[in-house]
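For reference, the structure discussed in these notes is given below.
The values are calculated or read from the model by the stated rules, or taken from the named source; none is laboratory data. Every value quoted in this text rests on a predicted model; they were computed, and no experiment measured them. FYI the Cβ positions are ideal-geometry reconstructions off the backbone, even for glycines, and counts take in every protein chain you see. Quick note on the areas: whole protein, heavy atoms, side chains included, nothing else; ligands and nucleic acids left out. Shrake-Rupley method; radii C 1.70, N 1.55, O 1.52, S 1.80 Å.
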Amino acid sequence: MRIELASLEEGRGDFTHTYQLQDLTLDDERVVLRGTTEVRGKVKRSGTEAVVEGHIDTGVQVDCDRCLKPIQFPVTSDFSLEYITGGEYEESHLAELTEDVMSVSVFNGDTIDLDEIVKEQILLAVPTRSLCKDDCLGICPQCGNDRNSGECGCEQKETDPRWSALRDLMNGKS
Ligand SMILES: [Zn+2]
Ligand SMILES: [Zn+2]
């Protein structure tokens, strides 16, 4: 869905949209949407600038970082994004900085692609590490058994403390 800025009365407008599952494909295959995605918000335009503010509600599925079991959880995101036209971007000295440094995006002056905003904001809201539970035991490195479902009986060599420190590191314990 695109927000048409030309049709805004006095440069302001509200938007609300429900994306069905098949309407959005996230750019990170680690994260899978689980249902509809709701977005609502408002857009304000003045001259060569625009501000889009909104709220997103959805649900995602990712794999546990330790045992790879799928986990599902709700994701909400509040966002506020500033846009300027490419022309203004060139004229100002902003062009010397990258878009990443500035919290400003460039738009064409007529439309803003809401789909791109929604996809990006969902990925930003998903934590980079996810566990099925805080004390997930992970997978046995020797036999691949899910250690949450019981001991597999493999011998865990615990004798050398350097190895256990390394294993803690791999498991994300500091
Ligand atoms: Zn797990
Ligand atoms: Zn094992």
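Below, the figures for the structure above:
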quantity	calculated
Pairs where the first residue, in the stretch 131-154, is under 26 Å from Gln72 (Cβ atoms) and open to solvent by 50 Å² or more (accessible area, probe 1.4 Å) and the second is near ligand 2 (Cβ under 8 Å from one of its atoms) and not in a loop (DSSP other than H, G, I, E, B), C-beta under 7 Å, 6+ apart	Leu137/Arg147; Ile139/Arg147
Answer residue from the stretch 25-39, given it is in a strand (DSSP E or B) and open to solvent by less than 50 Å² (accessible area, probe 1.4 Å) and is nearest to His55 (Cα to Cα) among those	Val39
Per-region count, the stretch 69-78, residues more than 7 Å from ligand 1 (Cβ to nearest atom) and either modelled with pLDDT under 95 or open to solvent by 60 Å² or more (accessible area, probe 1.4 Å) (or both)	5
Breaking point among (1) modelled with pLDDT under 85; (2) open to solvent by 80 Å² or more (accessible area, probe 1.4 Å), for Asp168	(2)
Qualifying position, being basic (Lys, Arg) and away from ligand 1 (no atom under 16 Å from the Cβ), among Arg45, Arg66, Arg147, Arg129	Arg45
Count - residues of the stretch 41-76 that are touching a Gly at 6+ places or on another chain (Cβ under 6 Å), among the β-branched types (Val, Ile, Thr) and either farther than 12 Å from Arg12 by Cα or outside any strand (DSSP E or B) (or both)	0
